[in-house]
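Student: Below are the structure tokens for one structure; questions will follow.
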Amino acid sequence: MTAVVIGVGNEFRRDDGIGPAVARAVAESGVHAEISDGDPARLLEAWDGADLVVIVDAIRCTPAVPGRWHRTTLPHSIPAASSHGLGVPEAVELAEALDRRPEHLVIYAVEVADVGFGIGLSPAVAAAAATLTSAVLTEVAEEFPGTDKISNS
Amino acid sequence: MTHRSNRTLQVAGLARVEGEGALHVRTVDGEVDRVELNIYEPPRFFEAFLRGRHFREPPDITARICGICPVAYQMSACLAIEDACGVRVEGPLRALRRLLYCGEWISSHALHIYLLHAPDFLGFPDGIALAREHRSVVERGLALKKAGNRIMDLVGGRAIHPVNVRVGGFYRVPTTDEIRGLTTTLRQALHDALATVEWVAAFDFPELEVPHDLMALRDVEGYPLDRGTPHISTGRSFPVAEFGDHVAEHQVPHSTALHARLDDRLFLVGPLARYSLNSDRLSPVAGEAASMAGLGPVCRNPFRSIVVRAVEVVYALEEALQIIDSYERPDAPCVEVAPRAGFGHGITEAPRGLLYHRYELDAAGRILDADIVPPTSQNQSAIEADVTAVVRSHQHLDDHGLQSLCEQTIRNYDPCISCSAHFLDLTRERA
């Protein structure tokens, strides 16, 4: 049984970097984590062979509460703030067409304030990173009871 | 005036954070009145970012311009800076660069062939619909892409925005065992690539022969990838340093992206140009695959670019396997490059075509000026000309059919707006 946390986003587009930031944080706890630009083919590669896939991505809402995050297993209604035209919903659709959708797929979508050029998260989104990281770690631990950490292999 | 003779096709782009693409077509009295491809490109920001930066930074900074062809930006940046500093990277380090570039070609071409371009020929709205009906075919495409990514992971450090490239070479060079570890994957990928050529060669191709000048690199040996001299289909060529004397960029009212002319003539870069000027340089298996696919020594039908891309994937795999077979780990991961004042020029063949970088450095290695001319910018005028020709010869199609054909025509060039084109909305106005 394996789990992978995939942080989707571009760290050079401010709050779009929340996914990668959480991925880095959970990796420090020994959980297998990857950073992705959301390209469907690469997402399929990233979760290949994993039983549990946790995706963390940014979303833009109107009005938004920056830093508020949502947990879902149905990504189709989530408008991703990916900096590319194809993103997580298309990856899930492609995976379904190819029978490569992971058994357990959980999406954490974080409302963002600023996806302009530049590095660094806005204060509200940065503040959410810690609780989000804890939630993701709990998600992984609950799916695999008896282990606090999943091997990074 | 018939009802159909005046019409406007307005293909408005989905707002994307990294750029926008739109197409506007207007016909009056059955004649094509206006075709405007509107692309907003971020690269110009990068040219400004680069001023004042250290001369070792452009490979990492410019790699961020494109998530699909970062290696192309790194390679052209390295060549230009090394040119300014009077250094030429040869031998096994150059071979490694070429191997990395092969990885990008394989990955980029496989994505375009299978998920972006093939659905046009087979009547599917997108790659996902294609996957539902032809699962094993799309799996083959994804496996090919993955093989390219494996090369980039190993040589580039990672597949997205590789971090292992530096001016003068690499930060770390793979061991012989690591490199040879790619062989099995790439042999299987070569098999898949040949099947890809066979698959796309059987598609139906709209008739279109473009008269534009073709420009691509040509080197003293091999198919052009990481170096060479610009050659034009008219038989002329010029040194890399004279690129700016021949390719003139200009503004057009309908686009913030610069258009370009080659010696004041319409031209195109990319697979068609590369193939037509270098088909004699293909490796044996790739050359045979081209013949089997019905490609002559020159190909001027942009719709057949999908076949050329498939042949180039075969070439890239053969070339990669050859480099791997003769690989010996270099003694040092890079050659020393000391800064000096002056100009440097670098051109390599990105998957979409010729990519030019020019830098001016001061004696301390600070960048005083930077110029980047990407292939999509160079091809914009040619794309508009092709759309004009297609609209003119397909007036009988309804708006939906004509829009689809226009989008397919744009995708022939694999511009960076390809993926957004699947999400475009059509607004039709009647006069």
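Student: What distance in nm separates the simple spin-label points at A:GLU28 and B:ALA341, each placed 7 Å from Cα in the Cβ direction?
Tutor: My value for the distance between the label points is 4.6 nm.
Student: A drop of at least 20 square angstrom in accessible area, chain alone versus all protein chains together, probe 1.4 Å. Which residues of region A:19-39 meet that?
Tutor: In region A:19-39, residues shielded by partner chains: A:ASP37, A:ASP39.
Student: Once you put a point 7 Å from the Cα of A:ALA130 and another 7 Å from the Cα of B:ALA332, both along the Cβ direction, what distance in nm separates them?
Tutor: Those two pseudo-labels are separated by 4.7 nm.
Student: Find out how many positive minus negative residues lie around A:ALA135, taking Lys and Arg as positive, Asp and Glu as negative, among other residues whose Cβ is under 12 Å from that of A:ALA135.
Tutor: The answer is -1.
Student: Roll a 1.4 Å probe over the protein chains and send me the accessible area per residue for region A:3-143 in Å².
Tutor: Numbers: 5250 Å² over 141 residues.
Here the residues of region A:3-143 average 37 Å² of exposed surface.
Student: Counting Lys and Arg as +1 and Asp and Glu as -1, what is the net charge of the other residues whose Cβ lies under 13 Å from the Cβ of B:ARG340?
Tutor: -4
Student: Using a loss threshold of 20 Å², tell me which positions in region A:88-120 are less accessible in the complex than in their chain alone. Probe radius 1.4 Å, ligands and nucleic acids ignored.
Tutor: Relative to the lone chain, where solvent access is computed with a 1.4 Å probe, region A:88-120 loses at least 20 Å² at A:GLU90, A:GLU93, A:LEU94, A:ALA97, A:LEU98, A:ASP99, A:ARG100, A:PHE117.
Student: Moving to a separate point now. What does the charge dipole of the protein assembly as shown about its Cα centre add up to, to the nearest 20 debye, if the Cβ of each Lys and Arg holds +1 and the Cβ of each Asp and Glu holds -1?
Tutor: 460 debye
Student: Which one, A:PHE117, A:GLY87, A:ILE35, is farthest towards the positive end of the dipole of region A:3-143 when Lys and Arg carry +1 and Asp and Glu -1 on their Cβ?
Tutor: Of the listed residues, the answer is A:PHE117.
Student: Pop out the carbon and sulfur fraction of the accessible area of the protein assembly as shown as a percent, whole number, probe 1.4 Å.
Tutor: 51 percent
Student: Per residue, how big is the convex hull around the C-alpha atoms of the protein assembly as shown? Give it to me in cubic angstrom, could you? Numbers along the way, then the final one.
Tutor: Working: hull volume 88.7 nm³, N = 584.
Per residue, the Cα convex hull of the protein assembly as shown comes to 152 Å³.
Student: For the A and B pair, go ahead and give the buried accessible area with a 1.4 Å probe, both sides summed, in Å² to 100. Before the final figure, lay out the partial values.
Tutor: Working: alone 7470 and 17170 Å², together 22310 Å².
Summing both chains' loss of accessible area gives about 2300 Å².
Student: For B:ALA241 paired with A:THR73, estimate the spin-label separation in nm (one decimal), with each label point 7 Å from Cα along the Cα-to-Cβ line.
Tutor: 6.6 nm
Student: Something else about it: So, with +1 on the Cβ of K and R and -1 on the Cβ of D and E, and no other charges, what is the size of the charge dipole of region A:3-143 about its Cα centre, to the nearest 20 debye?
Tutor: Roughly 480 debye for region A:3-143.
Student: Ordering A:VAL8, B:VAL163, B:VAL32 from largest to smallest accessible area (1.4 angstrom probe), what's the sequence?
Tutor: Accessible-area ranking of A:VAL8, B:VAL163, B:VAL32, largest first: B:VAL163, B:VAL32, A:VAL8.
Student: Also: Which angle from 0 to 90°, rounded to the nearest 10, does the C-alpha axis of helix B:135-156 make with the longest principal axis of chain B?
Tutor: On a 0 to 90 degree scale, this one is about 30.
Student: For chain B, find the longest principal axis of its Cα atoms and tell me its angle to the long axis of helix B:183-201, 0 to 90°, nearest 10.
Tutor: It works out to around 20 degrees.
Student: Please find, in a Gaussian network model of chain B (springs between Cα atoms separated by less than 10 Å), the residue of B:HIS112, B:HIS191, B:HIS231 whose mean-square fluctuation is greatest.
Tutor: Checking each option, the largest mean-square fluctuation is seen for B:HIS191.
Student: Quote the relative contact order of region B:244-373 in percent (integer), defining contacts as alpha-carbon pairs under 8 Å separated by 6+ residues.
Tutor: On the way: 146 pairs, mean separation 23.2, N = 130.
Across region B:244-373, relative contact order equals 18 percent.
Student: At 1.4 Å probe size, with every protein chain present, just tell me what the per residue accessible area of region B:185-281 comes to in Å².
Tutor: Computed with neighbouring chains in place, this is 43 Å² per residue.
Student: Expressed in nm to one decimal, what extension gain is obtained for the pair B:ASP263 and B:HIS396 from 0.36 nm per residue of sequence separation less their Cα-Cα distance?
Tutor: 44.3 nm
Student: Dividing the alpha-carbon radius of gyration of region A:3-143 by 2.2 N^0.38 Å (N being the number of residues), what value is obtained?
Tutor: 0.94
Student: Based on the alpha-carbon gyration tensor of region B:134-195, what equivalent-ellipsoid semi-axes (square roots of 5 times the eigenvalues) come out, in whole Å, largest first?
Tutor: Output for region B:134-195: semi-axes of 26, 14, 8 Å.
Student: Alpha carbons only, please: Rg and Dmax for chain B, in angstrom.
Tutor: 21.2, 74
The values are calculated or read from the model by the stated rules, or taken from the named source; none is laboratory data. Since the structure is predicted, the reported quantities are computational estimates derived from the model, not experimental observations. Cβ: placed from backbone, ideal geometry, glycine included. Neighbour counts: every protein chain shown. Side chains are part of the model used for accessible areas, which takes the heavy atoms of the whole protein and leaves out ligands, DNA and RNA. Shrake-Rupley method; radii C 1.70, N 1.55, O 1.52, S 1.80 Å.
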